[in-house]
Amino acid sequence: MPEKTPEQNKANKMKSPFHHLVIRAFNTYTYSVIVSLVPLLVCTAYLTDLWTYIITTFVGMAVCFMLTYSAFWGTAERDRNLVLFGHIKEDKLRALRAALYASIPLAVLTLLYIVNVYVPFLPNWFTVAYKIFALPFLGFVMNARPPYAFLLIFICALSPLAAFLGYRNGYNLVRIMDRILYKQKPRDKDKRLR
């Protein structure tokens, strides 16, 4: 059997492209925006504005965190195997970088919105568009007023934090649900079954 050329080895080498992680992080945020529409529409019909903002924010942030965490947990588990078999290099900060890149549009829009809170210069349609784009954080956006409106920039940290924690735990094969459900350590005679 003839030996493979370097080009063939490179073509057959498994990889985990970085731009896929960025797209995955952006998609999970987009899904959380769409899911946040449900409590917003339901609560608007039955509750006051304050409770609508609170419930929409709670659901949106929880969904954003859980989707991002679980997506990057699975990615890290796969990447760990690729590292173990020498297909890719180890980089435990890949998910954090990807989520930071995916958060750039939200950060830019948030900065514009913050400046607009202090010195109104943007048209009204921008404010409406931003509130839709930042729907998982609607409670914070609606209460952004001087002099503390600059704190709104911290909403951009949720996705990178979830991605970092999910990737780290996935790489170390730590399952939070297992820690919650199985509080007892296995007995010595049960360890052989694992």
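Since every read-out is calculated from the coordinates, none of them should be taken as a lab result. Please read these numbers as outputs of a predicted model, since none were measured by experiment. Backbone-built Cβ (ideal geometry, glycine too); neighbour counts: all protein chains shown.
The chymotrypsin sites (Phe, Trp or Tyr not before Pro) of the range 79-133 that meet both conditions, a loop assignment by DSSP and at most 16 other Cβ atoms within 10 Å of the site Cβ, are PHE85, PHE121.
Normalising by the residue count of the range 25-77, find the relative contact order in percent from Cα pairs under 8 Å and 6+ residues apart. Relative contact order of the range 25-77: 46 percent.
Identify the chymotrypsin sites (Phe, Trp or Tyr not before Pro) of the range 137-175 meeting these criteria: DSSP loop state and at most 13 other C-beta atoms within 10 Å of the C-beta.
Numbers: sites: PHE137, PHE140, TYR148, PHE150, PHE154, PHE164, TYR167, TYR171; in loops: TYR148.
Qualifying residues, ordered by number: TYR148.
Under 15 Å from the Cβ of LEU96, count the other residues' Cβ atoms, weight Lys and Arg +1, Asp and Glu -1, and hand me the total.
On the way: positive: ARG24, LYS92, ARG94, ARG97, ARG168; negative: ASP79, GLU90, ASP91.
Its environment carries a net charge of +2.
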